[in-house]
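*Asks:* Dropping the structure in here first, questions after.
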Amino acid sequence: MPESKHPVYGPTYAEMRDPDLLDPVFRACAADLQNRSPLHRDNLFNIHWLDARTGVSAFLVPQAVSGLAANLVVMDGGTFPSGSMKVGPAYAMLMERELNEGIRPGSTTVIAPSTGNFGIGAAWVARVKGYEARVVMPSGMSRERYALIERYGATTDLTPGSEADVNLTLQRTQDRYAGQSACAVLGQFSDLANYRFHRHVTAEGVRRAVQGLGLDGVDLFVSAPGSAGTLAAGEGLRESFPDLCIAAVEPEECSTLTDGGRGSHVIEGIGDQMVTLIHNVHATDLVVRVPDVHTIRGTAVFSGSTDDIMAMFGVDADCAVRLQGRFGPSGICNVVGAMQAASYLGLDQSRTVVTVATDSNDRYRSVLDRLSNNLGRQPHRRDLSGWWSETRELEPVRQVLDIREGDHRERLHGMKRDTWVPYGYSADFIDSMQDRTFWDREYALIEQLDLQWQALRQPPASCR
Ligand SMILES: Cc1ncc(COP(=O)(O)O)c(C=O)c1O
């Protein structure tokens, strides 16, 4: 391992899962930095799901919105440093590279292929740790994403297209950066640190959130992959709730998991036309398709005024404030997918479904502007309310595919093999992922990684 003057710094997996392990004075001080000094390196210790004020970064979606008998809980990923929980996997991947390969700032550039949030998170982590960073991303994403990446001092390497063209970012990364000793490629689709982060950290965040909201357990976990990292939280939750069902959501226009569909769509962050390497397809039970128009309109519904939200749903002001601005299109996609999956399973009022808002509406102003431009005006309350009624009319029997039966999981595994063998992974390695022990072994590495990290890192000290 190369010697370096740069000490490594940041939390262990255990500290991200349970920040109460940190010294309380240090933790309070780090929490205070998040708004005051967002690029201070002690913000690395704010990578967790526990809101410093409320204790739980999650909220309940009222029945008047979801139409469900079951409780619907949304994990609020917008509270993380950089504005999206994708910073967590970016940190975990870089931490493991620092540990296993000895990379350090100065001699290494961080390369992050992404359609946005992962790249923003990686740019932020790189900046606070002192690395140069480059985000390889499509040129057609919402403009807020590029501005944030630049604000964190990273450069971009743009490929043609938008969300559904993520394969071009992977190809560009392979051609230009893979194997270069001066580059550390953070591959969120194939790096199991992403899996470890969510199975360990996000799963515990959910457990604490449902407890904090006074609910008994979790019956259904829903997430639209992207990298499928977040879906791994479902596997972590299954350790506590063995009957838990896991649903993956995808855009109707890009129905890759349902039937190999590879169309283009407009939900940024998900629906990347592939089965990712880190997706444990044998742990997924349902696949839900959501038409993308509902997600853009839904983002507008919850970006309206609190008066609109109160009037449309008959909720009180506190509830309207909790809902307002909390969702980007993929968050709405998750909520709609959760509504469909919970209805499909017939979950009653004693049951709980959990999903995730990966970021919030602040990075989709341009998407909402486009919606208004197409409409020729700002949407009125009656537009918003009509749109949400149409969303509520989607029928679960049409939108949900139950993959617990038949050979769907084998089909998905075959797609994974077809995608990843050309990137140099052996068929034998990929086939070993069909056995659950593969995932449990990968997960169990956390204990050793944490011990090594604690021995190597500079201890968290008084944050100023
Ligand atoms: C906005 C948004 N939603 C959802 C996701 C999907 O999350 P995951 O990659 O963990 O599947 C991403 C991933 O980048 C994202 O940026």
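Just so it is clear, none of the values below were taken in a lab; they were calculated from the coordinates. What you see is a predicted model; the values in this text were computed from it and never measured. Neighbour counts are summed over all protein chains in view; Cβ atoms, including those assigned to glycine, are modelled from backbone coordinates with ideal geometry.
*Asks:* Dividing the Cα convex hull volume of region 367-417 by residue count, how many Å³ per residue is that?
*Replies:* Enclosed volume per residue, from the Cα hull, is 125 Å³.
*Asks:* I'd like the Karplus ³J(HN,Hα) series for region 287-292: coefficients 6.51, -1.76, 1.60, θ = phi - 60°, whole numbers in Hz, and an x wherever there's a Gly or Pro.
*Replies:* 10, 10, 9, 10, x, 5
*Asks:* Take the Cα radius of gyration of region 57-100 and divide it by 2.2 N^0.38 Å, with N its residue count; two decimals is plenty.
*Replies:* 1.72
*Asks:* Let me ask you something else. Using a cut-off of 11 Å between beta-carbons, work out the net charge of the residues near residue 332 (Lys and Arg +1, Asp and Glu -1, residue 332 not included).
*Replies:* Charge balance near residue 332 sits at +1.
*Asks:* Between the alpha-carbon centers of region 296-366 and region 26-51, tell me the distance in whole angstrom.
*Replies:* 27
*Asks:* If we count other beta carbons within 10 Å of each Cβ, what is the order of 20, 428, fewest first?
*Replies:* Lowest to highest Cβ neighbour count: 428, 20.
*Asks:* Using a ≥ b ≥ c from the Cα gyration tensor of region 413-464 (square roots of the eigenvalues), is it rounded, prolate or oblate, where a/c under 1.5 gives rounded and otherwise the larger of a/b and b/c decides, a/b for prolate?
*Replies:* prolate
*Asks:* Okay, next question. Is it possible to state the helix-based mean residue ellipticity at 222 nm for the chain, with each DSSP H run of 4+ residues giving -39500 (n - 2.57), the sum divided by total residues, to the nearest 500 deg cm²/dmol? What is it?
*Replies:* Estimated from H runs of four or more residues: -13000 deg cm²/dmol.
*Asks:* Still on this structure, please answer the following. Please report, largest first and rounded to whole Å, the three semi-axes of the ellipsoid equivalent to region 115-218, where each semi-axis is the square root of five times an eigenvalue of the C-alpha gyration tensor.
*Replies:* 30, 16, 15
*Asks:* Could you give each residue of region 175-184 its phi-based ³J(HN,Hα) in whole Hz, using Karplus coefficients 6.51, -1.76, 1.60 with θ = phi - 60°, and x for Gly or Pro?
*Replies:* For region 175-184, the Karplus curve yields 5, 9, 10, 4, x, 7, 5, 8, 10, 10 Hz.
*Asks:* I want the local charge near residue 264. Using Cβ-Cβ distances under 10 Å, sum +1 for each Lys or Arg and -1 for each Asp or Glu among the other residues.
*Replies:* -3
*Asks:* Then there's this: If Lys and Arg each add +1 and Asp and Glu each add -1, what is the summed charge of the other residues whose beta carbon sits under 12 Å from the beta carbon of residue 158?
*Replies:* Counting the neighbours of residue 158, the net charge comes to +1.
*Asks:* Quick one: of the DSSP bridges fully inside the chain, what percent are antiparallel, nearest 5?
*Replies:* Antiparallel bridges make up about 20 percent of those DSSP assigns within the chain.
*Asks:* Based only on other Cβ atoms within 10 Å, what is the fewest-to-most ordering of 131, 443?
*Replies:* 443, 131
*Asks:* Give me a comma-separated list of calculated 3J(HN,Hα) values for region 224-238, in order, Karplus coefficients 6.51, -1.76, 1.60 applied at θ = phi - 60°, integers in Hz, x for any Gly or Pro.
*Replies:* So the Karplus estimates, Gly and Pro as x, are 8, x, x, 6, 6, x, 4, 4, 5, 4, x, 5, x, 5, 4 Hz.
*Asks:* With a 10 Å Cβ neighbour count serving as the proxy for reagent exposure, in which order, fewest first, do 383, 362 appear?
*Replies:* Starting with the residue having the fewest Cβ neighbours, the order is 362, 383.
*Asks:* Shifting gears a bit: Please determine, in degrees from 0 to 90 and to the nearest 10, the orientation of helix 408-420 with respect to the longest principal axis defined by the Cα atoms of the chain, where the helix direction is its Cα long axis.
*Replies:* Approximately 40 degrees, to the nearest 10.
*Asks:* Please state the Cα pair-distance histogram of the chain with 10 angstrom bins from zero: what percent is in each bin?
*Replies:* Percent of pairs per bin, in order: 4, 22, 33, 28, 11, 2, 0.
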